[in-house]
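Take a look at the structure below.
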Amino acid sequence: NGVLFKYRNELFMQKRSLLNVFGQNFASLTAIVSAFGAIYSQYQKDPDLRVIFLGLYFAAWFMMFLFLVVKNFIILFRYKWQYYTLQTKWQKLINPSVADIKTN
């Protein structure tokens, strides 16, 4: 009962990074617009315009995958960091000299 009261003001869910959210949205919109632009440039028979739109299209997909990989890496890093931090705290409770050896 006392433990729950102690953590009553803690925020357990964290908001997503605005850079990540806006980056994914911008990359998605760029991919959609560049795909339509590539189709339009194919009907207009303009190879220069088509190369530009296809370049934007592949760059947008690269950015979307980049944001997804970075987001998942950050989640994994926080999970592993929390795991090893809690493991160290438990080891320090059981045997304080073991924790001092690991930090030095």
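The values are calculated or read from the model by the stated rules, or taken from the named source; none is laboratory data. Just so it is clear, the structure is predicted and the values come from calculations on it, not from any experiment. So basically every Cβ, Gly included, is an ideal-geometry build from the backbone, and we count neighbours across all protein chains shown. Accessible surface is based on the protein model in full, side chains and every heavy atom, while ligands, DNA and RNA are left aside. Shrake-Rupley method; radii C 1.70, N 1.55, O 1.52, S 1.80 Å.
Can you give me the orientation-averaged projected area of the convex hull built on the Cα atoms of the stretch 29-86, in nm²? The partial results should precede the final answer.
On the way: hull surface 16.0 nm².
The directionally averaged projection comes out at 4.0 nm².
Each distinct pair of alpha carbons in the chain adds a 1/r term; the inverse of their mean, the Kirkwood radius, is 18.1 Å.
Per DSSP H run of at least 4 residues, take -39500 (n - 2.57); add these up for the chain, divide by its residues and hand me the 222 nm value, nearest 500 deg cm²/dmol.
Details: 4 runs with 87 residues, N = 104.
Roughly -29000 deg cm²/dmol at 222 nm, from the helical runs in the chain.
Accessible surface calculations at 1.4 Å, restricted to protein heavy atoms, place the chain at 92 Å² per residue. Within the chain, what's the longest run with no chymotrypsin sites (Phe, Trp or Tyr not before Pro) in a DSSP loop and at most 13 other beta-carbon atoms within 10 Å? Give the range, please. In the chain, the maximal stretch lacking such sites is 13-104.
For the stretch 1-80, the set of trypsin sites (Lys or Arg not before Pro) satisfying both a DSSP loop assignment and a count of at most 13 other C-beta atoms within 10 Å is given as Arg8, Lys15, Arg16, Lys45. Within a straight-line Cα-Cα reach of under 16 Å, Lys15 can be paired with the following lysines, leaving aside sequence neighbours fewer than 8 residues apart in one chain: Lys71.
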